[in-house]
Amino acid sequence: MEIELKQVPVKNVFDGYKDMDEAGVVGYQGQLNIRPPYQRNFVYDLPEEKAVINTALHGFPLNVMYWVIDDDEHYEVLDGQQRTLSIMRFLDHKFPIEWDGQTMYVDALPNDLYERLMNYQLMVYWCKGTDSEKLSWFKTVNIAGKKLTSQELRNIAYVGPWLSDAKRHFSKRGCVAAKVSDHYVKGDPNRQELLEKALLWIADAKDTTIEEYMAEHKSDDDANELWQYWQKIMDWIRMTFPQVYKEMNGLDWGTLYNKYHSNDYNSSKIDADIQKLIDDDEIKKKKGIWQYKLAVNANEAGATKYLNLRGFPKDMMRKKYKEQEGHCPMCLEEGNDKMYQLSEMEGDHITPWSEGGRTEEDNLQMLCKRHNRMKSNH
């Protein structure tokens, strides 16, 4: 990558500054793309924005910034978006600062302070290189304390019409993807977390990776396939599980959809069962209830593993071990009277939880690990 250090006055960057929301942010007489498609949306909070302005007004140096030169002698901010936008937003009368005990918007600054800010020299490396070089360099120069998410980094290498359309659906607070998945999916659209989930799930369905999927679709006109896939997942959740519980939020729904959606379901029965399971104090992992029901419906062996059922206390197991004199009942049935160490045995429900058995002393037997695990898988 070719790199050249330059000093750029703030007033030059503010010349032609426009914030066009989804259409982007430009400055430097329209030649600088301050928020390229691969960049995250603005994430500095107000105290950090004010700190940038105070740094510049004191004449202290800001961290060096990086612009990438494209083939048409236009530029895009590779690193420094947050600092640049903080200055531009202050000059655009979007927030005030505190100076000498007074609260001031830009139009209230004394002339000498205003001129000091407008003539402040930004230290900018102008860079020219390939997409892969940009990705590598961006990881290297990422702002300390504002580490990019994995998806924000991926967006660097796959700029195109597909990404722009995908971000329209998935990458802004209040976006349509967030609205339809509100009760089911956690993630900050502004930090690309919903987009990453959608990509992770569709890549799983297609037995590929996020990077391979983005590379394949980079030049597509739109991201309709991804958006329709997201809607199918949410529709399937609502139809299969009519009642909404707080524990449903944040489950790995795309993976569950990929694995189980082709099966038939009796939603009314599933809903009634879930209400009982929610109240069952034997279940330690309530979030596992939905996968448990899907697995049972699919006749999947060992489905109770998703529930993390309450285990027998150690003192209860020690007592039962002594009563059994270290023998495993199932081994005895096979004619094997081996005596096991306590560490070689595990507590087992004589009547399984699925048949109403409780985690109580009269429902406990100590089995060797082999037999207990054989039983657990049935």
The one condition in (1) modelled with pLDDT of 95 or more; (2) crowded, with 18+ Cβ neighbours inside 10 Å; (3) out of contact with any strand residue (DSSP E or B) (no Cβ under 7 Å at 6 or more places or on another chain) that ARG318 fails to fulfil: (2)
Pairs where the first residue, in region 233-248, is in contact (Cβ under 8 Å) with a residue 12 or more places away in the chain and the second is among the basic types (Lys, Arg), C-beta under 7 Å, 6+ apart: GLU247/LYS286; GLU247/LYS287
All positions within region 88-105 that are under 18 Å from GLY16 (Cα atoms), in contact with a Phe, Trp or Tyr (Cβ under 6 Å, 6 or more places away or on another chain) and surrounded by 14 or more Cβ atoms within 10 Å (Cβ to Cβ): MET88, LEU91
Considering residues of region 72-87 that are assigned to a loop (DSSP other than H, G, I, E, B) and in contact with a strand residue (DSSP E or B) (Cβ under 8 Å, 6 or more places away or on another chain) only, the residue surrounded by the fewest Cβ atoms within 10 Å (Cβ to Cβ): HIS74
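Here's the yes/no breakdown for (1) touching a Phe, Trp or Tyr at 6+ places or on another chain (Cβ under 6 Å); (2) exposed (fewer than 15 other Cβ atoms within 10 Å of the Cβ); (3) under 22 Å from LYS179 (Cβ atoms):
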position	(1), (2), (3)
ASP207	no, yes, no
LYS218	yes, no, no
TRP227	no, no, yes
GLY250	no, yes, yes
TYR260	no, no, no
ASN266	no, yes, no
ILE270	no, no, no
ILE274	no, no, no
GLY288	yes, no, no
Subset tally (residues that are surrounded by fewer than 20 Cβ atoms within 10 Å (Cβ to Cβ), assigned to a loop (DSSP other than H, G, I, E, B) and in contact with a helix residue (DSSP H, G or I) (Cβ under 6 Å, 6 or more places away or on another chain)) for region 165-186: 4
Residues being outside any helix (DSSP H, G or I) and either assigned by TED's automatic domain parsing to the domain that holds ILE233 or touching a His at 6+ places or on another chain (Cβ under 7 Å) (or both) - total across region 246-292: 1
Exclusive hit being assigned to a helix (DSSP H, G or I) and either out of contact with any helix residue (DSSP H, G or I) (no Cβ under 8 Å at 6 or more places or on another chain) or modelled with pLDDT of 95 or more (or both), set GLU152, GLU115: GLU115
Subset of region 35-71 that is buried (at least 20 other Cβ atoms within 10 Å of the Cβ) and at pLDDT 90 or above - its residue that is nearest to THR149 (Cα to Cα): GLU49
One residue from ALA301, ALA295 being under 23 Å from TYR265 (Cα atoms) and part of a loop (DSSP other than H, G, I, E, B): ALA301
From GLU334, GLU325, residue being among the acidic types (Asp, Glu) and at positive phi: GLU325
Cross-chain or 6+ apart pairs with Cβ under 7 Å, region 146-166 first and farther than 21 Å from ASP21 by Cβ, then part of a loop (DSSP other than H, G, I, E, B) and at pLDDT below 80: LYS146/VAL43; LEU148/ARG40; LEU148/ASN142; ILE156/TYR38
Residues being part of a loop (DSSP other than H, G, I, E, B) and either under 16 Å from LEU199 (Cβ atoms) or not assigned by TED's automatic domain parsing to the domain that holds LYS186 (or both) - total across region 215-240: 4
Scan of region 61-95 for residues that are within 19 Å of VAL106 (Cα to Cα) and among the aromatic types (Phe, Trp, Tyr), ordered by number: PHE90, PHE95
Number of positions in region 211-223 that are of a type outside the set (Asp, Glu), without any contact (Cβ under 8 Å) to a residue 24 or more places away in the chain and over 18 Å from THR255 (Cα atoms): 0
Top-ranked residue in region 308-357 [being aromatic (Phe, Trp, Tyr) and over 43 Å from the mean Cα position of the chain (by Cα); ranked as nearest to TYR292 (Cα to Cα)]: TYR321
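The values are calculated or read from the model by the stated rules, or taken from the named source; none is laboratory data. On a predicted model such as this, the values are computed, not experimentally measured, just so you know. Ideal geometry is used to build each Cβ from the backbone, glycine not excepted, and the neighbour counts take in all protein chains shown.
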